[in-house]
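Handing you this structure, nothing more for now.
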Amino acid sequence: MVLISGRGSNLQAIIDAVNAGRLPAEIRAVIGNQPGAPGLARARTAGIPAHAIDHRGFATREQFDQALMRQIDFYRPRVVVLAGFMRILSGAFIDHYAGRLLNIHPSLLPAFPGLNTHARALQSGVTVHGASVHFVTHEVDGGPVIVQAAVPVFADDTPEILAERVLMEEHRIYPLAIGWFLAGRLSVENGRVLLDGHERPEQGLNRDIPPSQPPSG
Ligand code: GRF
């Protein structure tokens, strides 16, 4: 089950990974909170049931989340994947899917939680930026990190250029993390994610996943 709000390029990366046999999974449905979200069209094109549940039709966040949960649970998914889902979720929702709710965030958490991560990274002068897949907990962008990928930051980057570089890594690590989860390879101990029972020594920057190459010239 994948939840989206907009473009859906991460959704597309997951669809492509499934279709290519790199991710042994079935995407049971896609739900978007914006009826016109291009991601919903991507799902339909791929033959995946796609539903729009417009949050503006609900008086409270809790009521929207209840409707969302009903639609999700109809499909009995093993994992709920937030892929550019731009809504803060209520505590009841997070508790309902505890341990099987994943999110991708465009920064190397715990750096730059929240919005506008690329502009903030540039402003702060960091030379390395990236993306994180994490379990969702009550702390926004604060749950245990499953995998991260780093990209270099160049002096002449704009937020848009940097976002594009990070996005390429997002598309690589999200299917990877979902595959690990579905294979039962992940566990959480003392707030740290273990893969096959082991803490990844390089957690923070996964060096077995090479970062994208800086452009030559
Ligand atoms: C991604 O950068 C993701 O990390 C963030 O929102 C963006 C969604 O992009 N949470 P897309 O809809 O998957 O193309």
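Yes or no: the range 158-166 includes at least one residue that is crowded, with 22+ Cβ neighbours inside 10 Å, under 20 Å from SER5 (Cβ atoms) and modelled with pLDDT of 95 or more.
So far as the range 158-166 goes, yes, one or more of its residues are crowded, with 22+ Cβ neighbours inside 10 Å, under 20 Å from SER5 (Cβ atoms) and modelled with pLDDT of 95 or more.
So which of ILE4, ILE14, ILE31 is within 15 Å of the ligand (Cβ to nearest atom) and either closer than 21 Å to TRP180 by Cβ or basic (Lys, Arg) (or both)?
ILE14
Next question, about the same structure. Out of the range 1-29, which residues are part of a loop (DSSP other than H, G, I, E, B) and touching a residue at least 12 places away in the same chain (Cβ under 8 Å)?
MET1, SER5, GLY6, ARG7, GLY8, ARG22, LEU23, PRO24, ALA25, ILE27, ARG28, ALA29
Just a yes or no: is a residue in the range 49-69 within 16 Å of the ligand (Cβ to nearest atom), surrounded by 13 or more Cβ atoms within 10 Å (Cβ to Cβ), in contact (Cβ under 8 Å) with a residue 12 or more places away in the chain and of a type in the set (Gly, Ala, Ser)?
Within the range 49-69, one or more residues are within 16 Å of the ligand (Cβ to nearest atom), surrounded by 13 or more Cβ atoms within 10 Å (Cβ to Cβ), in contact (Cβ under 8 Å) with a residue 12 or more places away in the chain and of a type in the set (Gly, Ala, Ser).
A further question on this structure: Would it be correct to say that ILE104 is within 16 Å of the ligand (Cβ to nearest atom), closer than 19 Å to SER5 by Cβ and touching a residue at least 60 places away in the same chain (Cβ under 8 Å)?
Judged against the criteria, ILE104 is a match.
Show me the strands (runs of 3 or more DSSP E) entirely contained within the range 30-142 in which 1 or more residues are among the β-branched types (Val, Ile, Thr) and in contact with a His (Cβ under 7 Å, 6 or more places away or on another chain).
In the range 30-142, the matching strands (runs of 3 or more DSSP E) lie at 30-32.
Follow-up. Out of (1) among the polar types (S, T, N, Q); (2) out of contact with any helix residue (DSSP H, G or I) (no Cβ under 7 Å at 6 or more places or on another chain); (3) at negative phi, what's the single condition that is false for SER107?
Only one criterion is unmet by SER107, namely (2).
Residue check: is HIS118 modelled with pLDDT of 95 or more, within 11 Å of the ligand (Cβ to nearest atom), farther than 17 Å from ALA83 by Cβ and buried (at least 19 other Cβ atoms within 10 Å of the Cβ)?
yes
The values are calculated or read from the model by the stated rules, or taken from the named source; none is laboratory data. What you see is a predicted model, and the numbers here were worked out from it, not measured in a lab. Here the Cβ is made from the backbone with ideal geometry for all residues, glycine too, and neighbour counts use every protein chain on show.
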